[in-house]
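Here the structure comes first, spelled out in structure tokens, and everything after it is commentary.
Computed from the coordinates by the stated procedures, all read-outs in this text should not be read as laboratory data. Keep in mind the model is a prediction, meaning the values are calculated, not measured. Every residue, glycine among them, receives a Cβ derived from its backbone with ideal geometry; neighbour counts consider all protein chains shown.
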Amino acid sequence: MKQIQLSHGGGGEETNSLIHDLFYHHFSNDILIAAEDAAVLDVKNKIAFTTDSFTVSPIFFNGGNIGKLAIAGTVNDLAMMGAKPLYLSASFMIEEGFSFDDLETIVKSMAEELKYSGSKIVCGDTKVVPKGAVDQIFINTSGIGEIEKEGISASHLQEGDTIIVSGDVGRHGAAILMEREGLGISGDLQSDCATLWPAVQALIDANVTISAMRDATRGGLSAVLNEWAEQSSVCLEIEESSVPVNEAVQGICELFGFEAFDFANEGTCILAVPTKDAQLAIDVLQKVNVTSKAAIIGEVTMKKEGKVILHSAYGSSRYLDLPKGELLPRIC
């Protein structure tokens, strides 16, 4: 089996072969293959810029892998600011002895995921480190996007806004936990890892007013809602029965004593929109495959500033607090 050797990161013939035969081959575009010290980018309007590092364990999981996750995660961060993803960087930190075939599978999945947003990897870096210095492979990606809709902010929620979730919650976290524990749960539970830009583009094209938008990654729905309540000094009242939760996810949560609202997502976002645009937003989102399960889950009030109130189907209510501790390390 062909493996990555320290020489692949040494700057010589092996490095050149890795870059040209693998990375250039799958990420090919004029900016990247110019092979300059820095990419020269053409951006005409205000931009959004983000960066993230991915260390998920296991690196292959049902519904994706670390490469797909790296592209979707970075593109989604741009999309949540109303920015069309344009350019990405990708840096690989690879453990000596890592399977070349596995690396190629990861790179291919990254190239495939880029197609959903039309963005390009235009620069990058590769480091190969001695065995044990990293756990197989880590990936860092940064992204630049051009703002197409301004004014989206966690501090812009207003009393009367409607809260929408784009899909069922907690599926990425549950899928990772199932892989780690080898749970024999029936059904094909997959991570929701996916690029959200097509859905955001559809909302922008439909001229939906968006007060706030955020992908619910680490900390899940609970983290996003609490951050919004604090940053906008409002109260978010959520109907528990309206939040879509996959049956297998709920089963895993009951088995381990977790809350689905706290589990990470990698292809689900939360939106706050004025009530007048709520139904339009739902109609638009449900026409896009990745957000076909979009649902209205609550509203913004001033009942208890800085708090999230969860109303059960039985008439009781409780505060939905920020998740405490680290439910699952190495989730993304």
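Could you rank the peptides 292-300, 64-72 by their average count of other C-beta atoms within 10 Å per residue, with the highest value first?
64-72, 292-300
Once you keep just the Cα pairs under 8 angstrom separated by 6 or more residues, what percentage relative contact order results for the chain?
The normalised contact order for the chain reaches 23 percent.
For a 31 Å ceiling on Cα separation, which of these pairs sit above it: Lys276/Lys324; Lys46/Lys131; Lys115/Lys276; Lys44/Lys115?
Those over the limit are Lys276/Lys324; Lys46/Lys131; Lys115/Lys276.
For the ranges 284-290, 36-42, what's the packing order if you count other beta-carbon atoms within 10 Å of each residue, average per peptide, and put the highest first?
Details: 284-290: 17.4, 36-42: 9.6.
In decreasing order of mean packing, 284-290, 36-42 become 284-290, 36-42.
For Gly167, enumerate residues with amide H under 5 Å from its amide H, sequence gap 5+ or separate chain, H modeled in the peptide plane.
Amide H neighbours of Gly167, under 5 Å, 5+ apart: Cys269, Ala295.
Tell me, what is the Rg over Rh of the range 55-163, with Rh the Kirkwood radius over Cα pairs?
Answer for the range 55-163: 1.08.
At a 10 angstrom cut-off on C-beta neighbours, averaged per residue, how do the peptides 301-308, 258-265 rank from highest to lowest?
258-265, 301-308
Please give the charge dipole size of the chain, origin at the Cα centre, charges +1 on K and R Cβ atoms and -1 on D and E Cβ atoms. Round to the nearest 20 debye.
360 debye
Give me Rg/Rg_expected for the chain, where Rg uses Cα atoms only and Rg_expected = 2.2 N^0.38 Å with N residues.
In units of the globular-protein estimate, the chain measures up at 1.03.
Alpha carbon centre of the range 186-226 versus the range 271-327: separation in Å?
Between the Cα centres of the range 186-226 and the range 271-327 lies a distance of 12 Å.
Restricting the count to DSSP beta bridges whose residues both fall in the chain, what percent are antiparallel, rounded to a multiple of 5?
So the antiparallel bridges in the chain amount to around 75 percent.
Does the range 135-174 come out rounded, prolate or oblate, given a ≥ b ≥ c as the square roots of the eigenvalues of its C-alpha gyration tensor, rounded meaning a/c under 1.5 and, failing that, prolate meaning a/b above b/c?
oblate
Going by alpha carbons, how many degrees (0 to 90, nearest 10) lie between the helix axis of 247-256 and the longest principal axis of the chain?
90 degrees
Averaging over all projection directions, find the projected area of the Cα convex hull of the range 151-274 and quote it in nm² with one decimal place.
For the range 151-274, the mean projected area of the Cα convex hull comes to 7.9 nm².
Working from Cα positions, state the angle (0 to 90°, nearest 10) between the long axis of helix 220-232 and the longest principal axis of the chain.
Once rounded, one gets 70 degrees.
For a 19 Å ceiling on Cα separation, which of these pairs sit above it: Lys68/Lys120; Lys2/Lys120; Lys84/Lys127? Let's see the in-between values first.
Details: Lys68/Lys120 14 Å; Lys2/Lys120 28 Å; Lys84/Lys127 29 Å.
Result: Lys2/Lys120; Lys84/Lys127 exceed 19 Å.
Is there a quick way to get the dipole size of the range 225-312? I mean about its Cα centre, with the Cβ of Lys and Arg at +1 and of Asp and Glu at -1; what is the value in debye to the nearest 20?
The calculated dipole for the range 225-312 is roughly 260 debye.
Indicate, rounded to the nearest 5 percent, the antiparallel portion of the DSSP beta bridges found entirely in the range 215-332.
Of all bridge pairs located within the range 215-332, approximately 65 percent are antiparallel.
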